[in-house]
1. Calculate, axis by axis, the spread of Cα positions in the range 130-206 along the three principal axes, and write the results as whole Å, longest axis first.
2. Averaging sequence separations of C-alpha pairs under 8 Å and six or more residues apart, then dividing by the length of the chain, give the relative contact order as a whole percent.
3. Heads up, I need the accessible area for ASP156: 1.4 angstrom probe, whole protein in place, Å², nearest 10.
4. From the P(r) of the range 67-206, can you give the percent of Cα pairs sitting at distances over 25 Å?
5. Excluding residues on the same chain fewer than 8 positions from LYS73, give the lysines whose Cα lies under 18 Å from its Cα.
6. At a Cα cut-off below 26 Å, give the lysines reachable from LYS202, other chains included and same-chain residues fewer than 8 away excluded.
7. With N set to the number of residues, divide the alpha-carbon radius of gyration of the range 1-122 by 2.2 N^0.38 Å and report two decimals.
8. Can you give the accessible area of HIS90, probe radius 1.4 Å, in Å² rounded to 10?
Amino acid sequence: MVAARVEFFFDLSSPWTCLAFHNLPGVLERTKASAVYRPILVGGVFNAVNPAVYAAREQADNRRLQHSWKVLKDWARLAGVPMNFPSRWHPAKGIAAMRFCCALEEEQAALVRFARAAFASYFDRQENLDDPAVLAAVADAEGLDGAALIAAAGSDAVKARLRANTDEVIARGGYGSPTIFVDGGDMYFGNDQLPLIEAALKRTLP
């Protein structure tokens, strides 16, 4: 089995990750590359290596942050992705959601289905990403077992996996979500760097 050339470390609470998640399949199709999706807890990353994110959120007159919402909507329009954000649930902690994702990590197709639906729940319908009942309903609608995922999300194994994934992305130089690696060590960050990822994948084709 050929290893995936792209690793996509992600947290469902990030709007930029939502966009990158929706745009990445086009890159993969054009480059004939495959990807593996790795759930992380972006709050854990921020706490460890990027606490400036929290300080920026507290600045009511932060022009860069205010302009970023406009740019976010521009990117969403370009991608054809609904972006009713921010909602009253922002910022989400994301712990329960990312544990759901970790419970599905070994079943990548199911993880992608759940993540796509969870992004729509939070960024389109403005549902509460931190409510396990909402997450279970999202899973059920995708043909997954929401009750079983609630149980799995509370297990020590899944909690440890989420911590391990988060620690791994930090150790490899990541500072937010999405952090994307090409061929192991070539790191990129965010939706706007997808053209660079595509160029890297094409540049290193055999």
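The values are calculated or read from the model by the stated rules, or taken from the named source; none is laboratory data. What you are looking at is a predicted structure, and each value in this text was computed from that prediction instead of being measured. Heavy atoms of the whole protein, side chains included, go into the accessibility calculation; ligands, DNA and RNA do not. Shrake-Rupley method; radii C 1.70, N 1.55, O 1.52, S 1.80 Å.
1. Per principal axis, max minus min of the Cα coordinates gives 44, 28, 24 Å.
2. Across the chain, relative contact order equals 33 percent.
3. Ignoring ligands and nucleic acids, ASP156 comes out at about 120 Å².
4. Of all Cα-Cα distances in the range 67-206, 36 percent exceed 25 Å.
5. Partners within reach: none.
6. Filter leaves LYS32.
7. Numbers: Rg = 15.3 Å, N = 122, 2.2 N^0.38 = 13.7 Å.
Against the empirical 2.2 N^0.38 Å value, I get 1.12 for the range 1-122.
8. Ignoring ligands and nucleic acids, HIS90 comes out at about 60 Å².
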